Amino acid sequence: MVRNVMCFLLLAGCLLVAGCGYQLVNRPESPSPLAGKTVSIPLFANRIYRPQVEAVLTRQMVEEFSRRSGGLVVSEEHAELVVEGAVTGYATSQVAYFATDTAALMRLTLIAEATLRERKSQRVLWKGSLSHFQDYPAVADLALQQNAQDEALRETCRRLAEKFYQQMNSAF
């Protein structure tokens, strides 16, 4: 009897885990509408006063589209789709303090806009603006503070690239 109950519970547990709703990305049964399309991602414009932010975001966009579409990021003359964009906002602020009233945690916020269009027809398929923030530790050493801010920028750009891909993918 105990053996039958244990088998039943084991079977029920397996069914719960198997039916949890998680799926693999880009399975053959449900391909991404962007999958298989060649995409060009020229350098984003920089409309802020912080240098190199556009380069970091563009690199993350290329990596995200390459990873999700199977590496089909090409030059514009060979692309079916073009993703153009601009960095439009950048801010850092203090969001947490120690008891001594010194900053403990900083927040980097980045805003960017992007457009997905067909290269030949110039038809806009998706256009939008997204933002993301990332917290990072505040430290007294300026070099360490800059390193933490640079890492927060990379993570923010990576998350923005994910959001842009998801939004563009859902437009189809």
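Of all residues being of a type in the set (Gly, Ala, Ser) and in a loop (DSSP other than H, G, I, E, B) in region 49-72, which is modelled with the lowest pLDDT? Just the residue, please.
Result: 71.
Against the definition (surrounded by fewer than 19 Cβ atoms within 10 Å (Cβ to Cβ), polar (S, T, N, Q) and farther than 20 Å from residue 44 by Cα), how does residue 167 come out, yes or no?
Considered against the rule, which asks whether it is surrounded by fewer than 19 Cβ atoms within 10 Å (Cβ to Cβ), polar (S, T, N, Q) and farther than 20 Å from residue 44 by Cα, residue 167 comes out as no.
Among the numbered criteria (1) under 25 Å from residue 77 (Cα atoms); (2) not in a strand (DSSP E or B), which one does residue 101 miss?
All conditions pass for residue 101, except number (1).
Can you name the condition, by its number, that residue 150 falls short on among (1) modelled with pLDDT under 95; (2) closer than 28 Å to residue 40 by Cβ; (3) out of contact with any strand residue (DSSP E or B) (no Cβ under 8 Å at 6 or more places or on another chain)?
(1)
Considering only region 87-115, state which residues are of a type in the set (A, V, I, L, M), touching a strand residue (DSSP E or B) at 6+ places or on another chain (Cβ under 6 Å) and either surrounded by fewer than 18 Cβ atoms within 10 Å (Cβ to Cβ) or within 10 Å of residue 135 (Cα to Cα) (or both).
The answer is 91, 95, 96, 103, 104, 105, 106, 108.
Kindly provide the set of residues from region 91-137 that are in contact (Cβ under 8 Å) with a residue 40 or more places away in the chain, closer than 16 Å to residue 58 by Cα and touching a Phe, Trp or Tyr at 6+ places or on another chain (Cβ under 8 Å), ordered by number.
Listed by number, the residues that qualify are 110, 112, 114, 116.
Name the one entry in 96, 143 that is part of a strand (DSSP E or B) and over 19 Å from the mean Cα position of the chain (by Cα).
Unique residue meeting the criteria: 96.
Quickly run through region 146-158 and pick out the residues that are free of Cβ contacts under 8 Å to residues at least 60 places away in the same chain and either closer than 20 Å to residue 83 by Cβ or part of a strand (DSSP E or B) (or both).
Hit for region 146-158 is 156, nothing else.
Find the residue count for region 116-126, including only residues that are surrounded by fewer than 15 Cβ atoms within 10 Å (Cβ to Cβ), assigned to a strand (DSSP E or B) and charged (D, E, K, R).
Here the count works out to 1.
So which residues in region 50-85 are of a type outside the set (Asp, Glu), touching a residue at least 24 places away in the same chain (Cβ under 8 Å), surrounded by fewer than 18 Cβ atoms within 10 Å (Cβ to Cβ) and within 25 Å of residue 133 (Cβ to Cβ)?
Result: 50, 59.
The values are calculated or read from the model by the stated rules, or taken from the named source; none is laboratory data. Computed from a predicted structure; not experimentally measured. Here Cβ is always computed from backbone atoms with ideal geometry, including for glycine, and neighbour counts include all displayed protein chains.
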